[in-house]
Every structure is written in C-alpha cells, then in structure tokens.
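To keep things clear, I will list the structure first and then write my remarks on it.
Each value in this text was obtained by applying a stated rule to the coordinates, not by laboratory testing. Worth saying up front: this structure is predicted, and the values here are computed from it rather than measured. Neighbour counts run over all protein chains shown; Cβ positions are idealised from the backbone, glycine included.
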Amino acid sequence: MYGGQDVEINNRIGRILLDILPSDAERITAKAIVGQDWAEVAFEYADDAGNVGSFDFDNTPSRAAGDISEALIELRKLMAQPDAEPWNRAAFTAHRDGQFRVEFSYEELDDEDL
C-alpha cells in the first residue's frame, strides 16, 4: 500500500530498539506522541519475568529517541489520508527473538502533550 516504505521504516525502528535493548531485558517498547513535525519518545523494557524498567534521565538513549522520532514523523506523513486525522500515538515493541509489534492510536492531545 505504501510501496514498502512503511515496512522499511518499521524495520528501522525495530533495529534501533534492539540496539538499545538492555542485556537483561527480553523486550523494549518505544512509546510516542507524534505531531505534524515533532515527536516525543520514551522507552520501557521488561525481562522474562515481566519486571519492567526504564532509562533514567542520564541514561536515556537520546540519539535513539531522536532517530525514532524522525522515523515516526516520516511514517505518520506516509500513512496520512486526505480528510482524515492521522494517528498521534504509537507503541513499537521489539523482542530479543526478533518479534515486533506496532500499535497506533488516535487520542485527543491535551495541553500537557504539546
């Protein structure tokens, strides 16, 4: 539908996530709020037992967040349909074994999100 560009962008995001996956974690999720030309990305990871963790401020992989933000903005523009509001939230989860899950949602942004 998108000439394979969507798959390439999703794969790029998946590679970035696997590159920053902590050694003791099984999966990592990038949770994002995405606007027309901006995105905010936060990371959450979990081990096999379901213990969840996140990067503290000093250890947040900012380059990965920036690269994923750019990819999400590109993907959102690619997927936008005429006369329809595009998705504005996304969650990308990459598993150590290579599985990948993508979720998009359409939620009203409030002043805290902007």
**OP:** Let me have the 222 nm mean residue ellipticity of the chain computed from DSSP H runs of 4+ only, each contributing -39500 (n - 2.57), with the sum over all residues rounded to the nearest 500.
**Re:** -10000 deg cm²/dmol
Original post:
Under a plain spin-label model, where a point goes 7 Å from the Cα along Cα-to-Cβ, how far apart in nm are residue 31 and residue 11?
Top reply: 2.9 nm
Subject >> Within a Gaussian network of the chain (alpha carbon springs, distance under 10 Å), most fluctuating of 69, 23, 54 >> reply: 23
Original post:
Which of the following values of Kirkwood radius over Cα pairs in Å was calculated from the structure shown: (i) 13.4; (ii) 14.7; (iii) 15.7?
Top reply: (ii)
